[in-house]
Amino acid sequence: PSGAPDIFVKAEIDKKEAYAGEQCLLTYTLYTRVGIEDIEAGSRPSLDAFHTFPVNLLHRPTLREVYQGREYYLRVLSRTAIFPIRTGKLEIERIVYRVVRGEEDPFGLNLHAFFHRQIENVASNPVYLEVKELPRPAPEHFSGAVGRMHLEMDTPAVRYSLNDAILLRFRISGNAHFKGMKVDLVERDSSFELTESRMSDIFKLHDEPIYEQACSWEYLLIPKLPGSFVVRPSFVYFDPDEAQYRSLGDSLHIEIAETGTGTGRKEDLLPKPMPPSRLPYPGPFLTAHPGFYLFS
């Protein structure tokens, strides 16, 4: 404890082992026993082996902690959600911070003396992460999502006709890496024509305690045949907590009538003539009136 530094930066990762694509949180925390006027990152480690998203720290209180027998003030400097894209033992190198120390005014006025400032470089510790491959073989419709996921969908109506287009809307949320997902929620079927999915922008739900995102998908089903059908949308992902692939979905029962209102016969679909009372030319009652010819 007598040789412990007055200032140091501690790098931590919330997992020692993770699967490829699983979210991990990399945090840098400042420990200090002296006053600090300014701190900034002078160098940053290479994170080419990860997809990264910076986390907005909404609550960063200054805490106190006894570390190795000495009391320090703590403050979180940065936190990053990282998703490994390589397997094996990965190293995250040290990060160097430029720290400006401040000393109290020797005259006891509680002012920081500018000419007493000291500038020093403080390096964090390196961290290591063991990344495992996903189990093989992967399911056929595996989306590539690794994490805790949720699926919500708007339940469509039950009865439609051959002239209708059926809108299916889904919302997926979770802590996986969304930009790397390949979503195929609805399987193509000979009974329906399936349009290409329309994907909304990915938006962030929250940063704490984990970095979580969400996105929506829309499909149009155009029926080809009348009858009763069951559509089974599913979203396949890997759950790292249970170390297995899981599927989210439900069964949608849809009934397709041959036409929307008629009997389905060809003659019912032909345009019908207008009734005589709605003909656009004058009838006998008007031509029999003497004023008709005078007006003409």
Residue tally, condition β-branched (V, I, T), in a strand (DSSP E or B) and within 16 Å of the chain's Cα centre (by Cα), over the stretch 159-211: 1
R188 being modelled with pLDDT under 90 and farther than 30 Å from I13 by Cβ: yes
Check on A18, farther than 16 Å from Y67 by Cα, in a strand (DSSP E or B) and open to solvent by less than 20 Å² (accessible area, probe 1.4 Å): yes
Among residues of the stretch 136-154, those that are open to solvent by 70 Å² or more (accessible area, probe 1.4 Å) and in contact with a Gly (Cβ under 8 Å, 6 or more places away or on another chain), counted: 2
Candidate set from the stretch 131-158 (those that are part of a strand (DSSP E or B) and of a type in the set (V, I, T)); member that is farthest from the chain's Cα centre (by Cα): V131
Checklist (1) modelled with pLDDT under 50; (2) open to solvent by 50 Å² or more (accessible area, probe 1.4 Å); (3) assigned to a loop (DSSP other than H, G, I, E, B) applied to L225, failing item: (1)
Which listed residue, of Y237, Y219, is under 19 Å from T155 (Cβ atoms) and among the aromatic types (F, W, Y): Y219
Which listed residue, of L58, L30, L77, is farther than 30 Å from R136 by Cβ, assigned to a loop (DSSP other than H, G, I, E, B) and among the hydrophobic types (A, V, I, L, M, F, W, C): L58
E218 being open to solvent by 20 Å² or more (accessible area, probe 1.4 Å), free of Cβ contacts under 8 Å to residues at least 40 places away in the same chain and not in a loop (DSSP other than H, G, I, E, B): no
Test: residue in the stretch 20-33 that is touching a residue at least 24 places away in the same chain (Cβ under 8 Å), within 30 Å of R148 (Cβ to Cβ), touching a Lys or Arg at 6+ places or on another chain (Cβ under 8 Å) and among the charged types (D, E, K, R): yes
Residue that is farthest from the chain's Cα centre (by Cα) [pool: residues in the stretch 238-263 that are β-branched (V, I, T) and modelled with pLDDT of 90 or more]: I256
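Listed here are the residues, each with its yes/no results for (1) at pLDDT below 90; (2) open to solvent by less than 80 Å² (accessible area, probe 1.4 Å); (3) aromatic (F, W, Y).
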| position | (1), (2), (3) |
| --- | --- |
| L30 | no, yes, no |
| G35 | yes, yes, no |
| S43 | yes, yes, no |
| Y72 | no, yes, yes |
| I82 | no, yes, no |
| L90 | no, yes, no |
| R101 | yes, yes, no |
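The values are calculated or read from the model by the stated rules, or taken from the named source; none is laboratory data. In this text the structure is predicted, and so the values were computed from the model without any measurement. Reconstructed Cβ throughout: ideal geometry from the backbone, glycine too, with neighbour counts over all protein chains shown. These area figures cover heavy atoms from the full protein model, side chains too; ligands, DNA and RNA do not enter into them. Shrake-Rupley method; radii C 1.70, N 1.55, O 1.52, S 1.80 Å.
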